[in-house]
1. Quick one: which of K75/K117; K25/K239; K34/K205; K124/K239 span more than 32 angstrom between C-alpha atoms?
2. Arrange V226, V142 by Cβ neighbour counts within 10 Å, fewest through most, would you?
3. Fewest to most neighbouring Cβ within 10 Å: what's the order for F58, F234, F156?
4. Please give the length that would be gained between K124 and N236 if that part of the chain were fully extended, namely 0.36 nm times their separation in residues minus their C-alpha to C-alpha distance (nm, one decimal).
5. Can you sort K280, K107, K205, K34 by how many other beta carbons sit within 10 Å, fewest first?
6. Could you state the principal axis extents of the C-alpha atoms in the stretch 48-159, from the largest down, to the nearest angstrom?
7. Just grab the label-to-label distance for E23 and F58, each label 7 Å out from Cα along the Cβ direction, in nm (one decimal).
Amino acid sequence: MLIIFLLALLLRAGRCTDDLIFETKTVDVGAEVKLTCIRQTSDHGANLFWIRLVSGKFPETLGKTFSFDYDGVNKTPRITAKQEPGTFLLQISGAELSDTGLYYCIKVKQLDMEFLKGTFLIIKGPEPDITAIIQVPPSDPVRPGDSVTLQCSVLFDSEKKTCAGDHSVYWFRAGVNKSHPSLIYAHGNSGDQCEKSPEAQSTQKCVYNFSKTVSSSDAGTHYCAVSTCGEILFGNGTKLDIEVVSMCDSQENDAMVLLLCAALAISLIVIVVLACAIIKKSCYYCNARVSLQTNAAAASGNQQSQQRNEDSLSYSSVNFTRRKPGKAARKKETEETIYTDVRAFVIN
């Protein structure tokens, strides 16, 4: 039937009559609510609907019936829709805060939709008995690694208590970028942390402490929230600024910081010395290598020059011619050889 209702809206067939009844009704939590609209039995072919509109939700069909007499009943654990003589009744038992919204009685006939009655129903809860929520910020600057205790004091009138059960306390944190608060801790029911105020015996004071070791990500505003009487009440918030202090620039100059800074300085000196030694040794090997290459190149050049000189040597051949011995020479046992011709050539 909800689809029929939406289709009727799309077809723009709905109309509000001049005699539309609209009223505002306020009831307390737990009360019984009765809403009625007129039902004409002579209007055959018409259907009646009770529709509820709640902020943030889709329209909800609570009950439906025919215009003529019909004994069918639409019933849920708390809501009942049925016919009574001349009316179409919507009954809510044990009203809750979530029942607050707009209630419409609608008549649909073919493609014609008519709003018969509208009711703005307000469910009023009991007034909270809490008179104040006080948050105390840390007195000393906070640094990463420090243990911080946040305190929240809840004051309420014990004689005016209208809600059953104890209240619950929660801690929320909103980041520095104004993001939505996120739950970080819940105390639960902690009535044993409460005591009578010495100023007024009717006023009761409950003190809640939340301790943790903080880091840079804990920066932001921390809120103490109290859940009571179906509502959540927030404190004024405690802004937590995390100071990030440079170790070597700390004014405390404690022994640990000095030791770490000295170790860092010595490490830098050792690194520089080692780097210089490595560079110097590397340059020595580079010079030695260049010298060896130069000597090798010179030796190679000398060898090639010597080879070229050897290849350019001059060679001579000698022709020998024997002269016929004379008379005087015949008598001698040896002969005299005379060089008559020398021929020279060069081999390249």
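Just so you know, all these numbers are worked out from the coordinates, no wet-lab data involved. On a predicted model such as this, the values are computed, not experimentally measured, just so you know. Methodologically, a virtual Cβ is constructed for each residue, glycine included, from the backbone with ideal geometry; neighbour enumeration extends over all protein chains shown.
1. Result: K25/K239; K34/K205; K124/K239 exceed 32 Å.
2. Arranged by neighbour count, lowest to highest, V226, V142 become V142, V226.
3. If I rank by nearby Cβ atoms, fewest first, I get F58, F234, F156.
4. Here the answer is 37.8 nm.
5. K280, K34, K205, K107
6. 76, 37, 22
7. Inter-label distance under the simple model: 3.1 nm.
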